[in-house]
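The values are calculated or read from the model by the stated rules, or taken from the named source; none is laboratory data. Being a predicted model, the structure only gives us computed values, none of them experimental. Note: ideal-geometry Cβ built from the backbone for every residue, glycine included; neighbour counts use all protein chains shown.
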Amino acid sequence: MAFRQSFSFITAKELATLLKTPGKRKEIAVVDVRDDDYQGGHIKGCIHSPSLKFLDGGIEDVREKTKDYPTVVFHCFLSQIRGPKAARIYAESTDEVRQRGGDA
């Protein structure tokens, strides 16, 4: 039986609204996949997982840090390449772990 991890796009404004909604912040893990540009500013409380290290064991670290969150949001500077790619990799690898009977 195959599991499909669903994911979708949200705007920066939608994310900001969710993060400001009382009680919602504890339900959302924000993963910032920017590399050197992370130092220019980031969302308070986010998980930093540089895209350059994401496939080199970084995905397992992210999965461990986000396992208790029902919603995981990936973002980068413009969320056009790195963020969506990281979300896809996360969804695919989580699906693979579940297919093998693991807890993802």
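Annotations for the structure displayed:
- Residue match in segment 25-45 (condition: of a type outside the set (A, V, I, L, M), buried (at least 16 other Cβ atoms within 10 Å of the Cβ), modelled with pLDDT of 85 or more and touching a helix residue (DSSP H, G or I) at 6+ places or on another chain (Cβ under 9 Å)): yes
- Members of segment 52-96 that are closer than 24 Å to residue 26 by Cβ and without any contact (Cβ under 8 Å) to a residue 40 or more places away in the chain: 58, 59, 60, 61, 62, 64, 65, 66, 67, 68
- Segment 4-24 - residue that is closer than 30 Å to residue 101 by Cβ and surrounded by fewer than 13 Cβ atoms within 10 Å (Cβ to Cβ) and, of those, modelled with the lowest pLDDT: 4
- For segment 62-87, residues that are surrounded by 11 or more Cβ atoms within 10 Å (Cβ to Cβ) and outside any helix (DSSP H, G or I) total 11.
- Listed conditions (1) modelled with pLDDT of 90 or more; (2) assigned to a helix (DSSP H, G or I); (3) of a type in the set (A, V, I, L, M) are all met by residue 59, apart from (1).
- Test result for residue 43, hydrophobic (A, V, I, L, M, F, W, C) and within 20 Å of residue 16 (Cβ to Cβ): yes
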